[in-house]
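Asks: Once you've had a glance at the structure underneath, I'll fire off some questions.
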Amino acid sequence: MARSVSPAKFWIKHEIKAGRRRAAPLIGLGLLGTLLAIGQIFCAAHLLAAALHPAAAPIALPAIGFAFAALARAGLIVAQEREASRLGIAARRRLRSTTLGNLMALGPSGLRGRHSADIASIIIDRIEALDGLHGRWIPAASVALFGPALIIIAAGLADIRSGLILLLTGLLVPVSMAITGIGTGLAARRQFTAMTRLQTRFLDRIRGIATIVLAGRADAEAATLGQAAADLRRRTMRILRVAFLNATALDLLAAAALIGIAIRFATPLLAGHLALAPTALFCILLVPEFFAPIRAFSAVYQDRMTAQTAAEDLVALPQPAPTAPPPPIIRTVPAQGVAIAFEDVSFTWDEARGPVLHNLSFRLPANETMMLVGPSGSGKSTILELLLGFAHPQSGRITLNGAPLDSLVPAALARITAIIGQKPFLFAGTIEDNIRLGRPEASDAELRDAIRLARVADFTDTLPRGLATRIGDGGYGLSGGQAQRIAIARAFLKDAKLLLLDEPTAQLDPATERDVLDSLKRLAIGRTVILASHAAFAHEFTGRKLDLGTTRTPHLEGVA
Amino acid sequence: MPTRSVRLTEALTPLFRIVALWRAQRPILLAGILTALAALAAGIALMAAAGDLIGSATLGIALAVPSVLAIIGLARVTLRYLERLITHDGTFRALAALRVWFFRSLAFGAGGGLGYRSAGDILARLVNDIEALDGIFLRILIPALSALALIPVLIIAIGRESPAAAALALALFVIVAFTLPIRAMARSRQSAAAEAEAGGALRTATLDTLAGLREIKVFGAEGRMLAHVQSQESRLFTAERTLARHTGTLQALAFLAAQAALLTILLIHGTQPVAIVIAAFVVIAAFETAGILPRAGIIAGRAAAAAARVLEAAETPPRVPDPVAPATLPAATSLTFDAVSFRWTPDAPPVFDHLSLQIPAGSRIAVLGPSGAGKSTLAALALKLAAPDSGEIRLGGTNIATLRAQEIHTRITWLAQATHLFADTIANNLRLARPDADDQTIWAALDAAQIGDTIRTLPDQLDTWVGEFGSQFSGGQGRRLALARTLLSPAPILILDEPCAGLDLETEQAFMRTINETLANRTLLLITHRLTGIEKLDRVYRLQNGKLTAATR
């Protein structure tokens, strides 16, 4: 069977390796706890021995030692909890900013065909699920290895035979895990996936509950959900029956170690070697401490599997090209006006569907308007994406004022461009914040001008808090026309010389469309405009028209 | 303190009510509890026997106990195994029952309305709440009952030697098993609220950023949006860190209490040294069991808050209850709005003000109006998702207030703006509207919705998987799939609410042409913000200021 390491496995291996280094302080704290536990048990053994033989030894010293070790361990618990939380938080912060940063660098064309709610849930929930890997699983895995080793050494120093008994049971732990784990490991992982799927299915059905109710299928769907859950339970229990043997094996090994050590000391003690009593008690009390980190590790096994699912989703996200070649010549474009030329540009999104643009050529002088018309899929949006630098032509070249587009730094291109789409992007914040998106540093006078020109004041004046009204999540709900006005004000404020309009009124009713159109025409004055729209709307503008048609051989009509 | 105990009962009530829901699962849950207690007893007996053996041996007394020890040990191991099996089986049964109960309660209660008000994220949050209830039985109930059962054991084991030491150890035990967990519960309830709020803000910020990526890049706002997302994330982490600090402190306190109890026992100078060793071993085992309770308190705090929300949502009655004695569904399918007035909430502006509309069977009517004018509310009223404040809606001449909502839904099908596509195959998504539809009928519906040709190019055809939120398909394609589902429905009245949102003009026109041809005798109520100009309609109305006026195209 040919086995190749899946990207998710590779990713998680890398995370674990890096995570182990970061978790070193936490692992250190865990091992320090083991050392303190050994000391505490040493004291406890002496106290117990003293209780059995009251005259044998002074108890003040071990009592103080016991109390001191207990206090120190309590302090360690606080520190460990804090450090584990810190590790989990740091990991999530790092992963989230890298992932989001990558998606931002990739730009909107990288997200084509993926729902943003879908990606948001990966960035939020899946990365949230990686908390356990870094905060718990990685440190627990190391402590489960080194903690018991320390205890074997301590027991061995006190009594070599007890040390050997612990070593033997310790070596049997992985053996028993392997025996019970064969067959269950893979099955358990598959089962975990099935369980995640059922959760997803439940969420999906709840989200679509109105659709189910209106189709009169609520009873049927409830029965199916119950059936699926029952099936999953039966299959899960079949696996758990074997998997729980794992825990049982640990129980058995612990009992065996306990009994083994008890028997090892029983004979000499009975023979009257009473001085051995503290040693015997010490070794016996070490047994629970020996198994504690191993149990703690199996308790967080779930975290590892959750991480696996999360990793699969994360590596499936679109990744930016490994190294985007830097623009060969770095220059900016003067902002007096922008002339555009397409020279034999061809572009294909998807090989299977053929080219969207085929040897397209046109020129648009500065401060003129061009309408792109044609059915959906004819390449209107593609031309805009190319001009925005989110996609690059496979052949041919695009120039701005004679300079090839890819010789521009992205920031310079962004500075000269403004776009208004079907539905403007509005984020949760005030209306003013949203208008200032393009130029946060604009003066109040400039802001006032933009608001006047876009006729935003028409509706903000009626709001009690005016421009400071919060919109979005839990805030004021804007109508489609009001939202477009904000987008227009944004473009006025930015004062970019290249204006891209992508079906800006498609979502509006005819009356609102007229109002918005007037503002757009005002905005178009003194700018180079490319407008993608349906035919009727395009008639409202004067300028050139590029009919992308269905033939993929576009022709220009000079209307101006 | 009475107020504190009142608050505690208040917090625990939702949890008890969830447990009470598991009526059918009661025998297995009870069996789980009994096995858990038996396993606990065996564990304590094992520790006591081990203490006895060791204590006696160090005194030079040979006891014939190793075989007894082995038997108890074996019993303990077996009982633990059975406990794990039975409690897990019971948990899975209980959780499945809980999910089905929630789905049913929501479906027959507020669900239709909630879904209609496009509250997808509220519903998603509720699903998270249901998941937060997963630990109630295994991680809260069983440890708490085990701790209760240990109280008499401690009294007997220590009290024999020293009543004073027993009293002290018991006090410490109660602190670990009950006082600290209750504190933890209160803390985590506070923090859960803060975390939920911060988590919601983080989700909104992330969604904003992804949805607006194009404009964010054009306006050079990448850094600012990333910083915005990170500041929301930091709020979440701050809440988490506070809780982690408290958790750490509580666990350290629980540990210290256990060690103090052990030290107390070790310092007893009793007459029977062996009994002291036994007591010490029993104390170790007892506090080990109680030691997980502070963390259970944290889980309980979250679960209690979640349970309260789940119960509230599940028990919200439908906005429009069904009549006690429903009238029989008339055969006629004319739809009439007669002087209907409506507002969503008493303080909201009226959506309709004495609105009247006649939709004869088989007619084609369009209602135009800007977004927010209340066009979709027409559909909600007709489907009985909401009831008019005054006036009457009649289906086939019968006031729909006297009909059962479920029966009305067999007559009226609705393509809503937020119609959900399920993570399932295309065929199953469509069969929701007509479970007995054969493949040929499904293809016909897909063709009518102008997506049949696209599906034919896919390797899996009708078995193609529609991803979550329909993410395998573009917005326009998803819209057409939803449309195909609506067309497949056998209901005689179709309400299409912005059927062409997300479609370009050509597709829209092609679609309208198909509608013109395929509707046959079905009634059409088309709700849209503009017409393409090729619709074949009997009447067109404009909705303005809560009233309809006849409109010219």
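The values are calculated or read from the model by the stated rules, or taken from the named source; none is laboratory data. Note that this is a predicted model, so its numbers are computed, not measured. With ideal geometry, Cβ positions are generated from the backbone for all residues, glycine too; neighbour counts draw on all protein chains shown. Heavy atoms of the whole protein, side chains included, go into the accessibility calculation; ligands, DNA and RNA do not. Shrake-Rupley method; radii C 1.70, N 1.55, O 1.52, S 1.80 Å.
Asks: Is it possible to state the helix-based mean residue ellipticity at 222 nm for the protein assembly as shown, with each DSSP H run of 4+ residues giving -39500 (n - 2.57), the sum divided by total residues, to the nearest 500 deg cm²/dmol? What is it?
Replies: Values: 38 runs with 664 residues, N = 1113.
The helix-only estimate for the protein assembly as shown comes to -20000 deg cm²/dmol at 222 nm.
Asks: Starting from the Kirkwood radius over alpha-carbon pairs of segment A:340-557, derive D by Stokes-Einstein at 10 °C in a medium of 1.306 mPa s and give it in µm² s⁻¹.
Replies: Numbers: Rh = 18.2 Å.
Translational D for this selection: 87 µm²/s.
Asks: Restricting to chain B, what percent of DSSP beta bridges are antiparallel, rounded to 5?
Replies: 50 percent
Asks: Once the convex hull of the alpha carbons of segment A:4-134 is built, what does its volume come to per residue, in cubic angstrom? Walk me through the numbers on the way to the answer.
Replies: Numbers: hull volume 18.6 nm³, N = 131.
About 142 Å³ per residue, rounded to a whole number.
Asks: May I pose another question? Can you tell me the accessible area per residue over segment B:335-550, all protein chains present, probe 1.4 angstrom, in square angstrom? Can you show the working numbers first?
Replies: On the way: 8400 Å² over 216 residues.
Ligands and nucleic acids excluded, the result is 39 Å² per residue.
Asks: If DNA, RNA and ligands are ignored and the probe is 1.4 Å, what is the ranking of B:THR457, B:THR247 by accessible area, most exposed first? Write out the running numbers ahead of the final one.
Replies: Values: B:THR457 105, B:THR247 10 Å².
The ordering from most to least exposed comes out as B:THR457, B:THR247.
Asks: Loop-only check: which GluC sites (Glu not before Pro) in segment A:349-453 are DSSP coil with at most 10 other Cβ within 10 angstrom? Present the calculation step by step, with values, prior to reporting the outcome.
Replies: Details: sites: A:GLU351, A:GLU368, A:GLU385, A:GLU432, A:GLU441, A:GLU446; in loops: A:GLU368, A:GLU441.
Those that pass, being in a loop and sparsely packed, are A:GLU441.
Asks: About its Cα centre, what dipole magnitude does segment B:335-550 give when the only charges are +1 on Lys and Arg Cβ and -1 on Asp and Glu Cβ, stated in debye to the nearest 20? Before the final figure, lay out the partial values.
Replies: Values: 20 positive and 23 negative charges, 127 e Å.
It comes to approximately 600 debye.
Asks: Quick check on segment B:335-550: what are the equivalent-ellipsoid semi-axes from the Cα gyration tensor, as sqrt(5λ), descending, whole Å?
Replies: On the way: eigenvalues 184, 65, 54 Å².
They are 30, 18, 16 Å, listed from largest to smallest.
Asks: Ok, one more. For B:VAL367, which sequence-distant residues (separation of 5 or more, or a different chain) have an amide H within less than 5 Å of its own amide H, given hydrogens modelled in the peptide plane?
Replies: B:LEU526, B:ILE527, B:THR528, B:TYR541
Asks: Counting only residues 5 or more places away or on other chains, whose amide H sits under 5 Å from the amide H of A:VAL356 once H atoms are built in the peptide plane?
Replies: Answer set, sorted by chain and number: A:PHE347, A:THR348, A:TRP349.
Asks: Compute the Rg to Rh ratio over segment B:286-346 from the alpha carbon atoms, using the Kirkwood formula for Rh, and round to two decimal places.
Replies: On the way: Rg = 24.5 Å, Rh = 17.6 Å.
Rg/Rh for segment B:286-346 comes to 1.39.
Asks: Another one. What Rg and what Dmax come out for the protein assembly as shown when only alpha-carbon atoms are used, in angstroms?
Replies: Every Cα atom of the protein assembly as shown included, Rg and Dmax give 35.4, 116 Å.
Asks: If I take R0 = 60 Å and measure r between the Cβ atoms of B:VAL68 and B:ARG404 in this structure, what FRET efficiency does the formula 1/(1 + (r/R0)^6) give, to the nearest 0.05? Write down the numbers at each step before the final one.
Replies: Details: r = 68 Å, r/R0 = 1.14.
Computed FRET efficiency for B:VAL68 and B:ARG404: 0.30.
Asks: For B:THR441, project a label point 7 Å along Cα to C-beta. Then give me every residue of segment B:395-430 with its amide nitrogen under 16 Å of that point.
Replies: B:410-413, B:427-430
Asks: What is the magnitude of the charge dipole of segment B:25-315 about its Cα centre, with +1 placed on the Cβ of each Lys and Arg, -1 on the Cβ of each Asp and Glu, and no other charges, expressed in debye to the nearest 20?
Replies: 260 debye
Asks: Evaluate E = 1/(1 + (r/R0)^6) for B:ALA31 and A:ASP125, where r is the Cβ-Cβ distance and R0 equals 51 Å; express this FRET efficiency to the nearest 0.05.
Replies: Details: r = 35 Å, r/R0 = 0.69.
According to the calculation, E is roughly 0.90.
Asks: Express in whole angstrom the spacing between the alpha-carbon centres of segment B:506-553 and segment B:423-440.
Replies: 27 Å
Asks: Please list, by residue number, everything in segment A:12-35 whose backbone N is under 17 Å from a paramagnetic label point 7 Å out along Cα→Cβ of A:LEU157.
Replies: Within reach of a label on A:LEU157: A:31-35.
Asks: Follow-up question, since we're still on this one. Output needed for segment B:25-315: three equivalent-ellipsoid semi-axes, defined as square roots of 5 times the C-alpha gyration tensor eigenvalues, in descending order, whole Å. Intermediate results must be reported in sequence, preceding the final value.
Replies: On the way: eigenvalues 477, 113, 47 Å².
They are 49, 24, 15 Å, listed from largest to smallest.
Asks: Shifting gears a bit: Can you pull a Stokes-Einstein diffusion coefficient for segment A:23-315 at 10 °C (1.306 mPa s), Rh from Kirkwood over Cα pairs, as a whole number of µm²/s? Write down the numbers at each step before the final one.
Replies: On the way: Rh = 23.0 Å.
This corresponds to a translational diffusion coefficient of 69 µm²/s.
Asks: Given the pairs A:LYS521/B:LYS217; A:LYS423/B:LYS536; A:LYS9/A:LYS423; B:LYS217/B:LYS547; A:LYS380/B:LYS536; A:LYS380/A:LYS521, which are separated by over 32 angstrom at their Cα positions? It would help to have the intermediate numbers written out before the result.
Replies: Values: A:LYS521/B:LYS217 24 Å; A:LYS423/B:LYS536 29 Å; A:LYS9/A:LYS423 40 Å; B:LYS217/B:LYS547 43 Å; A:LYS380/B:LYS536 30 Å; A:LYS380/A:LYS521 20 Å.
A:LYS9/A:LYS423; B:LYS217/B:LYS547, as the Cα separations exceed 32 Å there.
Asks: Am I reading the B/A interface right? What is its buried accessible area, both sides, 1.4 Å probe, to the nearest 100 Å²? Provide the component values of the computation, followed by the final result.
Replies: Numbers: alone 28340 and 30250 Å², together 47350 Å².
Protein heavy atoms only, the B-A interface buries about 11200 Å².
Asks: Could you work out how far the C-alpha centroid of segment A:369-399 sits from that of segment A:183-262, in angstrom?
Replies: Cα centroid to Cα centroid, the span is 50 Å.
Asks: So, one more: Calculate how steeply helix A:444-453 sits against the longest principal axis of the alpha-carbon atoms of chain A, using the helix alpha-carbon long axis, and give the answer as 0 to 90 degrees to the nearest 10.
Replies: For helix A:444-453, the angle is close to 60 degrees.
Asks: So, one more: Which residues of segment B:412-434 bury at least 40 Å² of accessible area once all protein chains are present, versus their chain alone (1.4 Å probe)?
Replies: At a threshold of 40 Å² (probe 1.4 Å), the residues of segment B:412-434 that become less exposed are B:HIS420, B:PHE422, B:LEU432.
Asks: Put +1 on the Cβ of every Lys and Arg and -1 on every Asp and Glu Cβ in segment B:25-315; which of B:GLN230, B:LEU138, B:LEU172 then has its Cα farthest towards the positive end of the dipole?
Replies: B:GLN230
Asks: Follow-up. What is the antiparallel percent of DSSP beta bridges lying wholly in chain A, to the nearest 5? List each step's numbers first, then the result.
Replies: Values: 17 of 36 bridges.
The answer is about 45 percent antiparallel.
Asks: Hey, with R₀ at 45 Å, roughly what FRET efficiency would A:LEU463 and A:ALA67 work out to, going by the Cβ-Cβ distance, to 0.05? It would help to have the intermediate numbers written out before the result.
Replies: Details: r = 66 Å, r/R0 = 1.47.
The computed FRET efficiency comes out at 0.10.
Asks: A follow-up question, please. Taking the alpha-carbon set of chain A, what are its Rg and Dmax in Å?
Replies: Here Rg and the maximum Cα pair distance are 34.8, 116 Å.
Asks: If each residue of separation counts as 0.36 nm, what is the full-extension length gain between A:ALA511 and A:ARG295 once their alpha-carbon separation is subtracted?
Replies: Values: separation 216, 0.36 × 216 = 77.76 nm, distance 6.98 nm.
Between A:ALA511 and A:ARG295, full extension yields an extra 70.8 nm.
Asks: I would also like to ask the following. Compute the distribution of all C-alpha to C-alpha distances in chain B, in bins of 10 Å from 0, and list the percent of pairs in each, rounded to whole numbers.
Replies: 3, 13, 18, 19, 15, 12, 9, 6, 4, 1, 0
Asks: A further question follows. Using the crude model of +1 on Lys and Arg Cβ and -1 on Asp and Glu Cβ, and no other charge, please compute the dipole size for the protein assembly as shown relative to its Cα centre, in debye to 20. It would help to have the intermediate numbers written out before the result.
Replies: Numbers: 109 positive and 86 negative charges, 297 e Å.
The calculation lands at about 1420 debye.
Asks: Between rounded, prolate and oblate, where does segment A:250-291 land on the alpha carbon gyration tensor, with a ≥ b ≥ c its root eigenvalues, rounded for a/c under 1.5, else prolate if a/b exceeds b/c? Kindly include the intermediate steps, with their values, before the conclusion.
Replies: On the way: a/c = 5.58, a/b = 1.92, b/c = 2.90.
In terms of gyration-tensor shape, oblate.
Asks: Using modelled amide H (1.01 Å from N, peptide plane; none on Pro or chain starts), what sits under 5 Å from the amide H of A:SER395, excluding residues fewer than 5 places away?
Replies: A:SER346
Asks: Need the C-alpha centroid separation for segment A:60-135 versus segment B:296-321, integer Å.
Replies: So the separation of the two Cα centres works out to 28 Å.
Asks: What share of Cα pairs, in percent, lie more than 24 angstrom apart in segment B:130-240?
Replies: 55 percent
Asks: Once label points are set 7 Å from the Cα along Cα→Cβ at both A:LEU145 and B:ASN128, what is their separation, rounded to one decimal in nm?
Replies: Reported label-point gap for A:LEU145 and B:ASN128 is 3.5 nm.
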